[in-house]
1. Any idea which of ASN172, ASN237 is touching a Phe, Trp or Tyr at 6+ places or on another chain (Cβ under 6 Å) and part of a helix (DSSP H, G or I)?
2. Condition (residue is crowded, with 24+ Cβ neighbours inside 10 Å, assigned to a helix (DSSP H, G or I) and either touching a residue at least 12 places away in the same chain (Cβ under 8 Å) or not small (Gly, Ala, Ser) (or both)) applied to region 130-149: is it met by at least one residue?
3. Among the listed residues THR189, THR176, which satisfies the condition of being touching a helix residue (DSSP H, G or I) at 6+ places or on another chain (Cβ under 7 Å), crowded, with 23+ Cβ neighbours inside 10 Å and closer than 18 Å to SER221 by Cβ?
4. Can you list residue pairs whose Cβ atoms sit under 8 Å apart, with the first residue in region 219-239 being within 29 Å of TYR255 (Cα to Cα) and the second being basic (Lys, Arg) and part of a strand (DSSP E or B)? Count only pairs 6 or more apart in sequence or on different chains.
5. Wholly within region 246-352, which helices (runs of 4 or more DSSP H) include no fewer than the required count, namely at least 3 residues that are farther than 24 Å from ARG217 by Cα?
6. List the residue pairs whose Cβ atoms are under 7 Å apart, where the first residue sits in region 323-352 and is of a type in the set (Phe, Trp, Tyr), the second is surrounded by 13 or more Cβ atoms within 10 Å (Cβ to Cβ) and in a helix (DSSP H, G or I), and the two are 6 or more positions apart or on different chains.
7. Check region 117-128 and report whether any residue there is of a type in the set (Gly, Ala, Ser), surrounded by fewer than 22 Cβ atoms within 10 Å (Cβ to Cβ) and within 23 Å of ARG217 (Cβ to Cβ).
8. For region 163-172, state whether one or more residues are closer than 23 Å to GLU116 by Cβ, within 23 Å of the chain's Cα centre (by Cα) and buried (at least 17 other Cβ atoms within 10 Å of the Cβ).
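Every number here is computed from the coordinates shown, using simple stated rules; none is lab data. These numbers come from a predicted model, not from an experiment. Positions of Cβ are backbone-derived with ideal geometry, glycine not excepted, and every protein chain shown enters the neighbour counts.
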Amino acid sequence: MNRTHSANSATSTIDRRRWLRQTVGFAAMLAGSRLITPKAVAGETGALAGKRAQIAITLDLEMSAQYPTKDQVHWNYEKGNLNEETKRYAVEAARRVKQAGGTLHFFVVGRVFEQENTDWLREIVQTGHPVGNHTYDHVNVKAKTPEDLQFRFRRAPWLVEGRTPHDIVVENIRLTTEAMKNRIGVSPTGFRTPGGFNNGLHDVPEIQQLLLDQGYRWVSSLYPAHQADISNAANWNDVLQDIVAKQQNSQPFVYPSGLIEIPMSPVSDVTAFRAHQWKLEQFLEAIRAAVSWTIDNGAMFDFLAHPSCLYVTDPEFRAIDLICDLVQNSAGQAEFADLERIAERTTESLPK
């Protein structure tokens with residue numbers, strides 16, 4: 001099977017009826033929300049028609065289980081103990097995106113600031129790249145019991161004894177804010193939940209309110225479900241088409257609470273490489289197809305990755321360079337945008 005077909009052929013062969021079913025189902029879940037998205041279905045135009053596509057590159061600063069080797073799972077207990085390779089990759093990625101004319105949006109786990117030296121992150125901030133809050137311990141903000149918040153608390157339950165999951169999440173967010181102010185002299189720019197949820201924060205309005213109460217006007221929590229299993233070589237085309245189709249479900253919207261959601265776009269590096277053992281060329285092809293759809297539709301693309309994974313799977317920065325090239329070669333149809341700028345345009349696009 002030929003796996004090098006272009007992004008244009010991928011989008012042109014989308015099963016329109018399946019795409020409609022997927023989009024209608026997603027729209028039902030978002031009932032009551034205010035979508036800020038171009039309508040790709042049936043050739044309609046949406047609220048962002050005539051505007052340039054916004055392309056964000058976002059990196060989560062945490063350690064990833066099974067990297068650099070498959071047997072390395074202890075990072076689940078030490079998510080903030082960044083190794084030197086991860087830090088170097090983050091700095092170089094920021095340099096490349098800056099050179100291409102953009103900014104790279106980072107999200108950092110608070111325990112990173114317990115490390116002796118954070119000069120590398122201070123350098124990233126000083127060159128204009130925003131850094132957001134990713135909680136202190138990489139906690140599951142939807143957890144119903146303290147032990148389900150994070151592996152660390154299962155091993156050391158005394159750290160959270162007597163407190164509710166809600167109180168622990170509040171403290172995790174607050175501590176990261178304080179750590180950022182103390183160690184690198186800035187407050188967080190936005191919030192990303194550890195782990196992406198295919199329904200975002202729709203089922204936890206109390207978490208929406210928690211974030212609003214802490215001063216956050218936008219969150220990045222939604223990662224839409226999509227096909228990724230390529231164990232059977234014959235299904236690669238279906239996987240690619242589904243990833244392109246799901247870009248429609250990855251557009252900003254506003255919850256009834258007023259909190260803005262900026263979804264993460266498929267496919268992420270951890271989903272591709274760790275969960276499904278993709279090859280780098282497949283990852284790049286999926287990115288090319290997804291970003292091309294985004295540019296053609298004047299939409300938003302939020303690339304989600306982790307330097308702790310990419311330094312092993314993509315040591316030459318090919319994914320980041322590809323996205324930069326697509327923006328630079330878009331003939332003005334696309335612009336680099338961090339998530340703060342995307343939130344601003346989302347607000348501007350709301351009905352008056």
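1. From the options ASN172, ASN237, the qualifying one is ASN172.
2. Scanning region 130-149 turns up no residue that is crowded, with 24+ Cβ neighbours inside 10 Å, assigned to a helix (DSSP H, G or I) and either touching a residue at least 12 places away in the same chain (Cβ under 8 Å) or not small (Gly, Ala, Ser) (or both).
3. None of the others qualify; the one that does is THR176.
4. VAL219/ARG192; SER220/ARG192; SER221/ARG192
5. Correct list: 280-296, 307-313, 318-328.
6. From residues that are of a type in the set (Phe, Trp, Tyr), the pairs are PHE336/VAL327.
7. yes
8. Yes, the conditions are met somewhere in region 163-172.
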